1. Would you work out what percent of the accessible area of segment A:414-460, with all protein chains in place, is carbon or sulfur (probe 1.4 Å)?
2. Would you mind calculating the relative contact order of chain A from Cα pairs under 8 angstrom and at least 6 residues apart, reporting the percent as a whole number?
3. Could you work out what % of the accessible surface of segment A:278-405 is carbon and sulfur, using a 1.4 angstrom probe and leaving DNA, RNA and ligands out of the count?
4. With respect to the cross-link table entries A:K188/A:K216; A:K56/A:K105; A:K92/A:K266; A:K154/A:K240; A:K56/A:K347, which display a Cα-Cα separation exceeding 18 Å?
5. Counting helices only, and only those DSSP H runs with n ≥ 4, report the 222 nm mean residue ellipticity of chain A as the sum of -39,500 (n - 2.57) divided by its residues, in deg cm²/dmol to the nearest 500.
6. Find the eigenvalues of the gyration tensor of the Cα atoms of segment A:414-460, then list the square roots of 5 times those eigenvalues as equivalent ellipsoid semi-axes, largest first, in whole angstrom.
7. Relative contact order for segment A:278-405: what is it in percent, counting Cα pairs under 8 Å that are at least 6 residues apart?
8. Dividing the convex hull volume of the alpha carbon atoms of segment A:4-258 by its residue count, what do you get in Å³ per residue?
Amino acid sequence: MTIKIFNTLSRKIENFTPINGNEVKMYSCGPTVYDYAHIGNLRYFVFVDLLKRILKEAGYSLYQVMNITDIDDKTIKRANEKGVDFHEISLKYEKIFFEDLEKLKCSRPDLAPRATDEIDFMSEMIQFLIEKGYAYESSGSVYFSLASYPEYGKLSKLDLSKVKIGARVDVDTYEKESPGDFALWKGKKDNEPSYKMPFGEGRPGWHIECSAISRKHLGEQFDIHTGGVDLIFPHHENEKAQSEAFCGVKTVNYWIHSEYLIVEGKKMSKSLGNFYTLRELEDRGFDYDSVRYMLISSHYRAQLNFTITGLKAAESTISNIKVFVQHLMAGGEGSVDLVDMVREHEKAFFDALMDDLGIGNALSHLFIIINNINSADPLKVNAATKEAVIKAFTRFNTILDISQLEMTENKIPADVNTLAQERYQARQDKDYSRADELRGEITEMGYIVEDTPKGFILRKMDE
RNA sequence: GGCGGCAUAGCCAAGUGGUAAGGCGGCGGUCUGCAAAAUCGCUAUUCACCCGUUCAAAUCGGGUUGCCGCCUCCA
């Protein structure tokens, strides 16, 4: 299947074609591990997970590398505040980061190198860039010279001659040749970790980390580079400049960025108090599936307005899906045939995903299948239809990966089933007080019994 | 000041030329001994506003308004 995807470089939706046949090499900007990931970070990682799953569904083999930024202003600042080595901070939050990913069913990258483990290669790149005149040393730091690289600005569509330097951030210009030049290497400062290199003692700049790690582990040219939209400028623009100056070729074919997540209509910030982490949502009683569903179900290029109301809606939605699944698994012994309908929407689901990850459109086909089966009554569809739905939903779940979509047989403990049988008999005998008593016992055991004209259906209550 | 994006029901949201998907919520009904659950149906003559192109516009062009993002280390 051909995937269509929006490329930030062209600002157009393009047909995706890997460099090397069936193999896709992808680099994803990873976390700075200095604190708990917030829901906006997590939105990005869920998007990356969705993209990976769709690539695999389309038949590609995938190799993904994601950097772990363990040395930068934030990890150092946090370490100094706590009076500990910065590794102590970064290792702690790296571990928590991967736990969060796992909770949200985001598959791990194939390789996740830490910046501090790749400093030798960064050094090689920096030395080369200095030798070739792309970079210069000044006051102990090394800067990339924008003047040496005319392609600069193509990714972010910024015309530096028209940009107001320092419109939002103060820029130190005294030691740079030009205000737009950015640091490859930051000269040693007190209270900061440093490494001795031929061009001086210090620590790496942020952008060189991604250039070095992607070059080393994916080669000079690879297929996909992902990040949040906020990274387009300056991070990816800078990274692109360094990498292409070093490699002498176009290094990335598809730049793919996910939009911001906002909270209750406003940009998330600690001062507004609308800063959610996964564990805070957990404390409020939401489960991971609800969070995953909410984050995955809106288009990656649209701003996602995260609200508690919305999260509750997501919870209801997937809970309803689960009820349907349980009904279907109890049915399928009738004669109504809807196999063609199911197959048609199964195909449409994946067609939508291949079109620039059209998840909203795709999901509508899942619900259309549910509505059509429900209209016919899950108890009345034939075995072939039931099988078709199981097959379709199982495939859907290779993308969505929520427990509510798992097509497992209703596993009802024998004692619960016996109670339900007794209750059924009691109802036949019109001994309703006994029936209610038995229903109470079944509820106690965590099951819901539903009466139908033909008997009863048992299903497990949500935990 | 420069660059870019968005505006579809109570809320979320798909749709980019052929007559408004889907989800949540709400309302009404069905089933039921009752409660609950479940289920069925209904829920935008209309896509921010104005002008234009077209047989045909939410979709294309021009303009207006409003909101948002980026402009040098924030996913």
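The values are calculated or read from the model by the stated rules, or taken from the named source; none is laboratory data. Because the structure is a prediction, the values reported are computed rather than measured. Neighbour counts run over all protein chains shown; Cβ positions are idealised from the backbone, glycine included. Calculation scope for accessible area: heavy atoms of the full protein, side chains included, ligands and nucleic acids excluded. Shrake-Rupley method; radii C 1.70, N 1.55, O 1.52, S 1.80 Å.
1. Here carbon and sulfur together make up 46 percent of the probe-accessible area.
2. 15 percent
3. Carbon and sulfur together cover 48 percent of it.
4. Pairs exceeding 18 Å: A:K188/A:K216; A:K92/A:K266.
5. Only helices count here, giving -14000 deg cm²/dmol.
6. With the √(5λ) rule applied to segment A:414-460, the semi-axes are 15, 12, 9 Å.
7. 33 percent
8. Here the figure is 127 Å³ per residue.
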